[in-house]
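S.K.: Can you read through this structure? Questions will come right after.
The values are calculated or read from the model by the stated rules, or taken from the named source; none is laboratory data. Given the structure is predicted, the values throughout are model-derived calculations rather than measurements. We place every Cβ from the backbone using ideal geometry, glycine too, and count neighbours over all the protein chains shown. The area values use the complete protein model at the heavy-atom level, side chains included, leaving out ligands, DNA and RNA. Shrake-Rupley method; radii C 1.70, N 1.55, O 1.52, S 1.80 Å.
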Amino acid sequence: VIQGLGGSLIRHAAIQLESQGIDVVLRVHHELVGEVSIEIADPLINFKRTMLSLPDWAKDIPVNGEGWVGMCYKKG
């Protein structure tokens, strides 16, 4: 049940990011990697805000996240 819930939340976030014009280029378990223009101010703030914006049916689920901005993917 937990893995299914997490998968649903990741898919929801990916759809929301794509609708904002952010290309989701990679999904790794509980991570999303997006490609954004370097002209966007504070892309991580918007990315994180979108990732943590839950659908109505999941509003009571405690979630949090973190991220970083870089020129290539790395595993933390």
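S.K.: Looking only at region 1-23, which residues are aliphatic (A, V, I, L, M) and touching a Leu at 6+ places or on another chain (Cβ under 8 Å)?
M.R.: Leu9, Ile10, Ala13, Ala14, Leu17
S.K.: Count, please, the residues in region 22-41 that happen to be at pLDDT below 90, open to solvent by 60 Å² or more (accessible area, probe 1.4 Å) and farther than 18 Å from Lys74 by Cβ.
M.R.: Within region 22-41, residues that are at pLDDT below 90, open to solvent by 60 Å² or more (accessible area, probe 1.4 Å) and farther than 18 Å from Lys74 by Cβ number 3.
S.K.: Can you pull out the residues in region 54-73 that are part of a loop (DSSP other than H, G, I, E, B) and in contact (Cβ under 8 Å) with a residue 40 or more places away in the chain?
M.R.: Scanning region 54-73 gives Leu54, Pro55, Ile61, Val63, Tyr73.
S.K.: When the residues of region 1-14 are filtered to those that are of a type in the set (Val, Ile, Thr) and either in contact (Cβ under 8 Å) with a residue 24 or more places away in the chain or surrounded by fewer than 12 Cβ atoms within 10 Å (Cβ to Cβ) (or both), which remaining residue is nearest to Val63 (Cα to Cα)?
M.R.: Of everything passing the filter in region 1-14, Ile2 is nearest to Val63 (Cα to Cα).
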